[in-house]
Amino acid sequence: MHHHARRVIGPAVAAILFAAPVAADVRIAFIDPLSGGAASTGILAQKTHQFYIDAINAAGGINGEKIELASFDNKVNPQESLIQLKKALDEGARYVVQGNGSSIAHAITEAVLKHNERNPGKEVLFLNYAAVDPALTNEKCNFWHFRFDADADMKMAAMTDVIAKDPKVKKVYLINQDYSFGKAVAAAANKMLAEKRPDIKIVGDELHPLQKVQDFSPYVAKIKAAGADTVITGNWSNDMVLLVKAGKDTGLKVGWQTFYGGSPGTVTSIGEAGVDTLKQVSEWHKNAAPELDATVVAFGKRYPGKENEYAYWRAKTMWEMFAAAAKKAQSNDPVKVAKALEGMKMPTSLGEVEMRADNHQMLQPLFVSTLAKNVKYDVEDSGLGWKTDARVDGKATALPTTCKMERPK
């Protein structure tokens, strides 16, 4: 019977059985902390990327192919990231997504550049959604790296513009993480405050180990002793949460000028003590627009609980731009997608965004906001939420660049 059945397959049936294979997935490697002190941030980002990728796939994918996100835990360690990157590339990933840790972004962007030089036709693109050391789009820029977050200098420019108008700020304490990004924040704060408010005294400029400090009370004691009225910090994840918690626990009365006051758990840990004192600069907050974006609402339904508090608006922008670039290129080839991304402009509900062609730095509106009561949308079920102090138009965030980019022929 079986032999007979095998023999009668005619050419028409054979054509169906051996038709063009189903389109291969576009493999994207997500390399970020999924364990350890920065895991809350990495896991929230992972969920956000998956959420927007699912939306693209539900709409038919890109050029008929589905996007597949493969996740790799790097434990916020550059060496571990390179091991995971090699694994990802061996498994056929052509796109890499990373954000938490500029030291890691530096390792990845160099490795990707080397890989692409050695493997023409198998190029890989690095989509950076959160690593904001300015060097990545200046002296260390390369064609294969695109940043979808404002860099530390752009954020500091917005922050210091607001500080410049605040006569209450007289003594500033800088506390940052001891690696490329933390140093960039401190350098930008020193430079910009000197330009905009030379009367302000920097009464402390401190770096501490990244995601290793369990108790910040010794640091807070120094901030108190220095007589600071304002703290500027680029801290994120545990380093943000535990810093403001120590401040609250010891009754430190300062204005907190932060990049990541919206980091998961920060508002919960500072509570009422953060009202009118905790500030952040970000590309989005819940009250930036009159209504919540439909995707933000849908994300909250899919991932309930305050540990899943939506934070990565720039991920939405990144994936919408990525899909638009693939469509424009009519190809999922990284080189063609990269060329389509360069100079791309896109409208969003918060204003126009643009991927700079000269250095691959995203320009998008920035918001300086303060934790407040009686706002339309609260965060982390706290009854407290963000209120805009200042909005900077995307184009106005642009800073000069030293990038000298070599493009593929």
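The values are calculated or read from the model by the stated rules, or taken from the named source; none is laboratory data. This structure is a prediction, so every number in the text was calculated from the model and none was measured. Here the Cβ is made from the backbone with ideal geometry for all residues, glycine too, and neighbour counts use every protein chain on show. SASA here: full protein model, heavy atoms, side chains in, ligands and nucleic acids out. Shrake-Rupley method; radii C 1.70, N 1.55, O 1.52, S 1.80 Å.
The set of residues in region 55-78 that are open to solvent by 50 Å² or more (accessible area, probe 1.4 Å) and more than 18 Å from Ala93 (Cβ to Cβ) comprises Ala55, Ala58, Ala59, Gly64, Lys75, Asn77.
Pairing residues of region 80-92 that are farther than 16 Å from Glu110 by Cα with residues that are outside any helix (DSSP H, G or I), at Cβ distances under 6 Å and at least 6 apart in sequence or on separate chains, gives Gly92/Arg27. When Asp378 is tested against (1) surrounded by fewer than 14 Cβ atoms within 10 Å (Cβ to Cβ); (2) within 20 Å of Gln280 (Cβ to Cβ), exactly one condition is not met: (1). Condition check: open to solvent by 20 Å² or more (accessible area, probe 1.4 Å), touching a Leu at 6+ places or on another chain (Cβ under 8 Å) and among the hydrophobic types (A, V, I, L, M, F, W, C). Does Ala289 satisfy that? So Ala289 passes the test. Please determine, by comparing only the residues of region 94-127 that are in contact with a Ser or Thr (Cβ under 8 Å, 6 or more places away or on another chain) and free of Cβ contacts under 8 Å to residues at least 40 places away in the same chain, which one is nearest to Ser180 (Cα to Cα). My answer is Ala107.
Okay, residues lined up against (1) at pLDDT below 95; (2) closer than 22 Å to Met405 by Cα; (3) surrounded by 19 or more Cβ atoms within 10 Å (Cβ to Cβ):
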{"residue": "Glu307", "(1), (2), (3)": "yes, no, no"}
{"residue": "Lys327", "(1), (2), (3)": "no, no, no"}
{"residue": "Asp333", "(1), (2), (3)": "no, yes, no"}
{"residue": "Gly343", "(1), (2), (3)": "no, yes, no"}
{"residue": "Met362", "(1), (2), (3)": "no, yes, yes"}
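So if I check each of Ala323, Ala288, Ala315, which one is aliphatic (A, V, I, L, M), over 20 Å from Gly262 (Cα atoms) and either more than 15 Å from the chain's Cα centre (by Cα) or not in a loop (DSSP other than H, G, I, E, B) (or both)? Selected residue: Ala323, the only one of Ala323, Ala288, Ala315 that is aliphatic (A, V, I, L, M), over 20 Å from Gly262 (Cα atoms) and either more than 15 Å from the chain's Cα centre (by Cα) or not in a loop (DSSP other than H, G, I, E, B) (or both). Looking across Glu110, Glu123, one residue alone is open to solvent by less than 50 Å² (accessible area, probe 1.4 Å), among the charged types (D, E, K, R) and out of contact with any strand residue (DSSP E or B) (no Cβ under 6 Å at 6 or more places or on another chain). It is Glu123.
If you filter region 171-198 down to residues that are part of a loop (DSSP other than H, G, I, E, B) and free of Cβ contacts under 8 Å to residues at least 60 places away in the same chain, you find that the one that is surrounded by the fewest Cβ atoms within 10 Å (Cβ to Cβ) is Pro198. Checking each residue in region 33-58 for being free of Cβ contacts under 8 Å to residues at least 24 places away in the same chain and either of a type in the set (D, E, K, R) or assigned to a loop (DSSP other than H, G, I, E, B) (or both) picks out only Asp54.
Taking the condition within 17 Å of Val185 (Cα to Cα), small (Gly, Ala, Ser), part of a helix (DSSP H, G or I) and in contact with a strand residue (DSSP E or B) (Cβ under 8 Å, 6 or more places away or on another chain), does Ala158 pass?
Judged against the criteria, Ala158 is a match.
Taken over region 234-256, residues that are open to solvent by 10 Å² or more (accessible area, probe 1.4 Å), polar (S, T, N, Q) and under 23 Å from the mean Cα position of the chain (by Cα) amount to 1. Determine, yes or no, whether Glu352 is of a type in the set (Asp, Glu) and over 19 Å from Gly394 (Cα atoms). No, not satisfied. The one condition from (1) part of a helix (DSSP H, G or I); (2) within 23 Å of Thr41 (Cα to Cα); (3) open to solvent by 40 Å² or more (accessible area, probe 1.4 Å); (4) among the polar types (S, T, N, Q) that Ser269 does not meet is (3). Of all the criteria given as (1) touching a residue at least 12 places away in the same chain (Cβ under 8 Å); (2) under 23 Å from Phe367 (Cβ atoms), the one not satisfied by Ile202 is (2).
Scanning region 394-408 for residues being among the β-branched types (Val, Ile, Thr), part of a loop (DSSP other than H, G, I, E, B) and touching a strand residue (DSSP E or B) at 6+ places or on another chain (Cβ under 8 Å) gives a total of 1.
Look at Lys155 and say whether it is among the basic types (Lys, Arg), at pLDDT 95 or above and open to solvent by 30 Å² or more (accessible area, probe 1.4 Å).
On the way: among the basic types (Lys, Arg): yes; at pLDDT 95 or above: yes; open to solvent by 30 Å² or more (accessible area, probe 1.4 Å): no.
Spelling it out, it is not the case that Lys155 is among the basic types (Lys, Arg), at pLDDT 95 or above and open to solvent by 30 Å² or more (accessible area, probe 1.4 Å).
Candidates are the residues of region 212-225 that are open to solvent by less than 30 Å² (accessible area, probe 1.4 Å) and not in a helix (DSSP H, G or I); the one that is nearest to Asp133 (Cα to Cα) is Val213. So, Arg391, is that one out of contact with any helix residue (DSSP H, G or I) (no Cβ under 8 Å at 6 or more places or on another chain), open to solvent by 10 Å² or more (accessible area, probe 1.4 Å) and in a helix (DSSP H, G or I) or not? So Arg391 does not fit the description; no.
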